[in-house]
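Have a look at the structure below before the remarks.
The values are calculated or read from the model by the stated rules, or taken from the named source; none is laboratory data. All figures in this text were calculated on a predicted structure; none of them were measured in a lab. Cβ sites come from the backbone with ideal geometry, for glycine too, and all protein chains shown count toward neighbours.
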Amino acid sequence: MVAYLPPGWPTGVHPPGSEDFERTAVTWLLDVVPPDYRLHGVLRRHPVALATLARRHLAACVEGARQGYRTARTELGGVLPVSGLDAVLAAYQTEGRRLVTAAHAANLDADRVASSPACSDRPARAATWACAYQASPIS
């Protein structure tokens, strides 16, 4: 059986309800938060907490990149050559797209995740994860 994965599902994360879902989800989540989050065992023991922290971290990163892009000319225009400023803006655009993609992956709609056929054998666990992924849109 092929499990349905909604558009934007994180690469490498197995479908909810599958045997390796939790392990692959935790690995992905730890990869999108600062490395020091790995020092906190509570986040591995309670993946829903990790998902919540990752969601908030990514939302803050997206907002930081947007703010940086908006203010780069003012903050850096007098100290960088035009080519340097253009490169900084390009970096903000590239990283902004990457961050928005990651944020959307961490914010998948709970209904789509919970309705995945793979969720049927572990509905309580899937519902917990679905709630962790649900948030207001980042875009």
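Among the residues of region 36-54, those that are of a type in the set (D, E, K, R) and in contact with a Leu (Cβ under 9 Å, 6 or more places away or on another chain) comprise R38, R44. Just one of the numbered conditions (1) exposed (fewer than 13 other Cβ atoms within 10 Å of the Cβ); (2) at pLDDT 85 or above is not true of L43: (1).
Residues that are part of a loop (DSSP other than H, G, I, E, B) and buried (at least 16 other Cβ atoms within 10 Å of the Cβ) within region 9-40 comprise W9, P10, V13, H14, P15, P16, G17, S18, V33, listed in sequence order.
Is one or more of the residues making up region 19-38 more than 23 Å from N107 (Cα to Cα) and modelled with pLDDT of 90 or more? No; the residues of region 19-38 include none that is more than 23 Å from N107 (Cα to Cα) and modelled with pLDDT of 90 or more. Within region 29-68, the residues that satisfy the criterion of being under 30 Å from D86 (Cα atoms) and of a type in the set (K, R) are R55, R56, R66. Counting only residues that are in contact with a Phe, Trp or Tyr (Cβ under 6 Å, 6 or more places away or on another chain), farther than 23 Å from G96 by Cα and among the hydrophobic types (A, V, I, L, M, F, W, C), region 5-42 holds 0 of them. Please determine, by comparing only the residues of region 54-80 that are charged (D, E, K, R) and either at pLDDT 95 or above or not in a helix (DSSP H, G or I) (or both), which one is surrounded by the fewest Cβ atoms within 10 Å (Cβ to Cβ). Ranking the qualifying residues of region 54-80, first place goes to R70.
On inspection, R45 qualifies as among the charged types (D, E, K, R), closer than 24 Å to E22 by Cβ and free of Cβ contacts under 8 Å to residues at least 12 places away in the same chain.
Which residue, of R44, R23, R38, R55, is within 20 Å of E95 (Cα to Cα) and of a type in the set (K, R)?
After applying the criteria, what remains is R55.
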